[in-house]
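Colleague: Sharing a structure with you now.
What follows is calculated from the coordinates using simple rules that are stated; it is not laboratory data. This structure is a prediction, so every number in the text was calculated from the model and none was measured. In this analysis, Cβ positions are derived from the backbone assuming ideal geometry, glycine residues included, and neighbour counts consider all displayed protein chains.
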Amino acid sequence: MAVITFEPAGGNMEIKGASGDIAKDGTFELTTLEPGDGAMPGDYIVTVRIMKGYPEPVFAVLKKYTEVQNTPLKATIEAGGKNHFDFEIERP
């Protein structure tokens, strides 16, 4: 399992969060309400959860990336354009 989540920064209640599955090549497409509809314009705090192992999965990224209050990742979605983000994630 590999998921990226964009949470509205600063508790902005005017925009909704978005998330998407991360492909093996690291690409992702965000969904807010319907598959592939993207994210609303605004500022976001980004979390990444990548799990490995079976039957007891463990995080394959440092814990700081999995928690909204600790992640250093941020993004701004611009209206009317293609938004592209390259995040560098440390692994344990």
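Colleague: Within the range 1-65, which trypsin sites (Lys or Arg not before Pro) sit in a loop by DSSP and count at most 13 neighbouring Cβ atoms inside 10 Å?
Modeller: K24
Colleague: Using alpha carbons only, how many angstrom separate the centre of the range 1-55 from the centre of the range 59-76?
Modeller: 12 Å
Colleague: Something else: Please list, in order along the range 18-23, the HN-Hα scalar couplings obtained from phi with the Karplus expression 6.51 cos²θ - 1.76 cosθ + 1.60 (θ = phi - 60°), rounded to whole Hz, x for Gly and Pro.
Modeller: So the Karplus estimates, Gly and Pro as x, are 9, 8, x, 6, 9, 6 Hz.
Colleague: Å³ per residue of the Cα convex hull, for the range 2-77?
Modeller: 104 Å³
Colleague: Let's test the formula: R0 of 25 Å, r as the Cβ-Cβ distance of R91 and K16. What FRET efficiency results, to the nearest 0.05?
Modeller: So the FRET efficiency works out to roughly 0.25.
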